[in-house]
Amino acid sequence: GTLDPRAWTVTGSLSIGSNQVYTGTGSGTAVIDLGVANMDVQIQIPDATSASLIWRWTDASNHLRLDLVVGSGTWWVYKVVSGTFTQLSTGSGVSGGATWRAVTSGSSITVYKDSTQIYTGTDSANSAATKAGFILGNSSSRANNWSATSITVPGGVWTKAQANTSTTADAIGV
């Protein structure tokens, strides 16, 4: 099933163009409530992008995130609690066109680049939060093929949200 009629909450400047989400001026954030805290979220980023995959989001001061910077080729996994960023991991190899994915179940966190696991760890920060989405960092930032799936399957029902090449501006609330 889908999350309709759930709506995206968008702050900042996000638009749709060339079948991708992009920032107009400044940065933009889009989140959607999945209704479950155990989730599998992913995003694809093209060249020249500064983007963050966010999950277990309560607000800008409380969430988990994967920051990606194509220009420097660096990625970071952070937990953000009461506005304090704590780095859980970092690495290199960020490239345009890659698919980045985070899977959380209980306190377990696993992050992938394409199909390669790049981080695994445990942290219970914000473990009951049910929102996920993305942040685009500047006017050259773009994202494509964002999706989130519940990994908790109550009664055989699954949840999925998507923002991809068929997404319209209305679908993400911009």
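The values are calculated or read from the model by the stated rules, or taken from the named source; none is laboratory data. None of the values given here were measured: they were computed from a predicted structure. Counting neighbours? That spans all protein chains shown, and the Cβs are built from the backbone with ideal geometry, glycine included. To get the accessible areas, we keep the full protein, side chains included, count just its heavy atoms, and leave off ligands, DNA and RNA. Shrake-Rupley method; radii C 1.70, N 1.55, O 1.52, S 1.80 Å.
In sequence order, what are the phi-derived ³J(HN,Hα) couplings for the stretch 116-130 according to the Karplus relation 6.51 cos²θ - 1.76 cosθ + 1.60 with θ = phi - 60°, rounded to whole Hz, with x for glycine and proline?
Karplus values, whole Hz, x for Gly and Pro: 9, 5, 10, 7, 9, x, 10, 6, 9, 4, 6, 5, 9, 5, 10.
Please give the net charge around Val103, taking every other residue with its beta carbon less than 12 angstrom from that of Val103, where Lys and Arg add +1 and Asp and Glu add -1.
On the way: positive: Arg56, Arg101; negative: Asp40.
Around Val103, the charge tally is +1.
At 4 °C and 1.567 mPa s, grab the translational diffusion coefficient of the stretch 34-144 from Stokes-Einstein with a Kirkwood Rh over Cα pairs, rounded to a whole number in µm² per second.
Approximately 95 µm²/s, per Stokes-Einstein.
Obtain the nm distance between the two label points defined at Ser105 and Ser127 by a simple spin-label model: each point lies 7 Å from its Cα along the Cα-to-C-beta direction.
Label at Ser105, label at Ser127, 1.5 nm between them.
What does the extension gain come out to for Ser82 and Thr58, with contour length at 0.36 nm per residue minus their alpha carbon separation?
This chain segment gains 7.6 nm when fully extended.
Tell me the carbon and sulfur percent of the accessible area for the stretch 35-77, rounded to whole percent, probe radius 1.4 Å.
Solvent-exposed carbon and sulfur of the stretch 35-77 make up 47 percent of the total.
Quick one: putting +1 on the C-beta of Lys and Arg, -1 on the C-beta of Asp and Glu, what dipole do you get for the stretch 5-156 around its Cα centre, in Debye to the nearest 20?
Numbers: 8 positive and 7 negative charges, 16 e Å.
Dipole magnitude for the stretch 5-156 comes out near 80 debye.
Give me the one-decimal Kirkwood hydrodynamic radius in Å for the stretch 89-131, with the sum taken over alpha-carbon pairs. Write down the numbers at each step before the final one.
Numbers: mean 1/r = 0.0870 Å⁻¹.
Result for the stretch 89-131, one decimal place: 11.5 Å.
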